[in-house]
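Single-structure report; data block below.
The values are calculated or read from the model by the stated rules, or taken from the named source; none is laboratory data. Keep in mind that what you see is a predicted model, and the values were worked out from it rather than measured. Counting neighbours? That spans all protein chains shown, and the Cβs are built from the backbone with ideal geometry, glycine included. Side chains are part of the model used for accessible areas, which takes the heavy atoms of the whole protein and leaves out ligands, DNA and RNA. Shrake-Rupley method; radii C 1.70, N 1.55, O 1.52, S 1.80 Å.
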Amino acid sequence: MDALTRRAYELRRDIIEMVHNSRAGHVGGDLSVTDILTVLYFKVMNVSPEKGENPDRDRFLLSKGHCADALYCVLGERGFYDKEEAIKTFSQFGSRFIGHPNMEVPGVEMNSGSLGHGISVGVGMALAARMNHQSYRTYVVLGDGEMAEGSNYEGMMAAGHYKLDNLCATVDLNRLQISGTTGQVMDSASLADKFRDFGWNVIEVLDGNDCAQLVNAYEQAAAYKGKPTAVIASTVKGKGVSFMENQISWHHGVMTEEQYEQAVKELKEALQ
């Protein structure tokens, strides 16, 4: 197991601990997006606690903000704060680690949770970089269920129109949302064709839980000039925990003690 994959599985253990402690959290989507966040924060993006508010840092927006649990674990692991605070206090009264990304938390660039706004805010950040002659890149992660929101398409249109090649959007394509499959609830296929129609370069990642495939995709995205890039990453909701994988019921779920112990056991075995 390579270092990035190992780190992603270690972070899954943190997520399971956080969700179990809080009795809340969108654990299925957290586990599907873990590899994407791991690759971005530990391989791709120019971010670190030391850079702080350095204007040349890369920007990251978690548009699918209900998966803040995963982001908080990744930021803690990256050293922005004591990870144990996030794991132990997530979604508790008085905690800064609330159920959606919160700019009181170091490393969080945008409050999110009301779906569909990430691309539009990302367009603004990417345009600002161009206007100010800055080299930073902006990365946005969206859910495939979120792509039913119309404001995404306004942002996609603007990004294509302005040829924002410093903007990269990733769709966590796990094909499940709170009330069914994305195809049943609001079929937005083919997302790749939709992005292309709006003037985007598109990279389809067949296994979005494979860190090596993701690294290759982001390297291609950074090298591509003249268009924004969309990475469509096909993932497994609940990845890494057998009874959660591809199960709609784990969009948001509370584990029993037995389920928690099984999840920890499976993730520990995956690291051996």
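Odds and ends about this structure:
- Convex hull volume of the C-alpha atoms in the chain, normalised per residue: 112 Å³.
- Nitroxide proxy distance, nm - points 7 Å out along Cα→Cβ at V254 and E204: 4.1 nm
- Hydrodynamic radius by Kirkwood, which averages 1/r over all alpha carbon pairs of the range 127-225, in angstrom: 14.6 Å
- Axis of helix 257-270 versus longest Cα principal axis of the chain: the two differ by about 60°, to the nearest ten degrees.
- Share, in percent, of DSSP beta bridges within the chain that are antiparallel, nearest 5: 10 percent
- When GluC sites (Glu not before Pro) are flagged only if DSSP places them in a loop and at most 16 other Cβ atoms lie within 10 Å, the longest unflagged stretch of the chain comes out as 105-244.
- Estimated distance in nm for a label pair at D187 and S135, the labels positioned 7 Å out from Cα along Cα-to-Cβ: 4.6 nm
- The chain - accessible surface per residue (Å², probe 1.4 Å): 42 Å²
- For the range 4-146, the spherically averaged projection of the C-alpha convex hull amounts to 8.0 nm².
- In the range 135-184, chymotrypsin sites (Phe, Trp or Tyr not before Pro) in a DSSP loop with at most 16 other beta-carbon atoms within 10 Å: Y162
- 222 nm mean residue ellipticity, helices alone, for the chain (DSSP H n ≥ 4; -39,500 (n - 2.57); rounded to 500): -13000 deg cm²/dmol
- With the simple spin-label model, which puts each label point 7 Å out from Cα in the Cβ direction, the S114 to E50 separation comes to 3.9 nm.
- Rolling a 1.4 angstrom probe over the chain with all protein chains present gives an accessible area of which 49% lies on carbon and sulfur atoms.
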